[in-house]
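Colleague: I have a structure I would like to understand better, so I am pasting it below and will then ask my questions one at a time.
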Amino acid sequence: MGWLPAFLLINPRSGSGSPDADELRAAAEANGVRVHVLDAEDDPEELARGAEADALGMAGGDGSLAPVAAVAIERGLPFVCIPFGTRNHFARDIGLDRDDPLGALDAFGGTERTIDVGSVDGRVFLNNVSLGAYAELVHRRESHRRRRAALARLRALWMTARDRHGLRAKVDERPVEARVIFIGNNAYELDVFNVGERERLDEGVLHLYTLEGWLPSAWSDSKGERFTVETQAAKVEAAIDGEPVELDSPLRFEIRPRALRVLLPARQQ
């Protein structure tokens, strides 16, 4: 595959080190990539949808990626992830060097693979959706402008969750009372205190994990192509790829196998 006429969006609010947005922009433009650095009022989806390009890229953290990836799926275009956030879990799981955003630009002339995405009520997610204590933590930190990136150590969840009974819900009509309900796009490595990596992104299934009981010692894992989660409240706080959102219950999750074309630097293959 030769160099593609491509369009890259940069979220300057995601970056927190070297390079900065200006340096990243200059490096991309030097290689023939058209770049738009987002302003606060910009709509990334609208910009990606209207761009005349054969590939779409997003430089940002995990929460910035999915809207542009969804447009890439909609348009049948390949997608490039440039790690430019705090944690960059998706970049890690597809094999990118999270500390080398400039090197990730080589993906625009790289090789393609197809991976799964998840969706909740039609909204694409690349990593996971969390309900319960973790989502409460994300919302609280956002409201105080002290939110850390997604998938922080779970010990903090119990300290911040004041409802002793946790989240009451039905998963496919099965009653569940859990501290956390966590729906992953493919399987995660989990222990009680930490959410880790994914070995693959093309398994073709969602994994629904629950952390149940007042002092839980292990995750329960169910897997399937779709799940319905109904909460007692009509509205539920959630974290989608680490970003705080409010969703209407019931929530309908499904996997979209190999829906996303991802370009990666050729040296990774």
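Colleague: Fewest Cβ neighbours within 10 Å first, please rank GLU225, GLU243, GLU173 accordingly.
Modeller: Details: GLU225 12, GLU243 18, GLU173 7.
Ascending number of Cβ neighbours within 10 Å: GLU173, GLU225, GLU243.
Colleague: Summing +1 for each Lys or Arg and -1 for each Asp or Glu, what net charge is found among the other residues whose Cβ lies under 10 Å from the Cβ of ASP106? Intermediate values should be presented prior to the final figure.
Modeller: Values: positive: ARG267; negative: ASP100.
Neighbour charge sum, excluding ASP106 itself: 0.
Colleague: Right, something else. If you rank HIS89, HIS207, HIS36 by fewest surrounding Cβ atoms within 10 Å, what's the result? Spell out each step's value before the answer.
Modeller: On the way: HIS89 26, HIS207 23, HIS36 15.
Sorted ascending by nearby Cβ count, the order is HIS36, HIS207, HIS89.
Colleague: Still on this structure: As a footprinting exposure proxy, order LYS235, LYS170 by other Cβ within 10 Å, with the fewest listed first. Write out the running numbers ahead of the final one.
Modeller: Details: LYS235 10, LYS170 15.
Fewest to most other Cβ atoms nearby, the residues stand as LYS235, LYS170.
Colleague: Just from the alpha-carbon atoms, what are the Rg and Dmax of the stretch 36-100 in angstroms?
Modeller: So, for the stretch 36-100, Rg and Dmax equal 11.6, 32 Å respectively.
Colleague: Something else about it: ARG92 versus GLU45, label points 7 Å from Cα toward the beta carbon: distance in nm?
Modeller: Calculated label separation equals 2.8 nm.
Laboratory data are not the source of any read-out in this text; all were calculated from the coordinates shown. Owing to the predicted nature of the structure, the values given are computational and were not obtained by experimental measurement. All Cβ positions, even for glycine, are placed from backbone atoms using ideal geometry, and neighbour counts span all protein chains on display.
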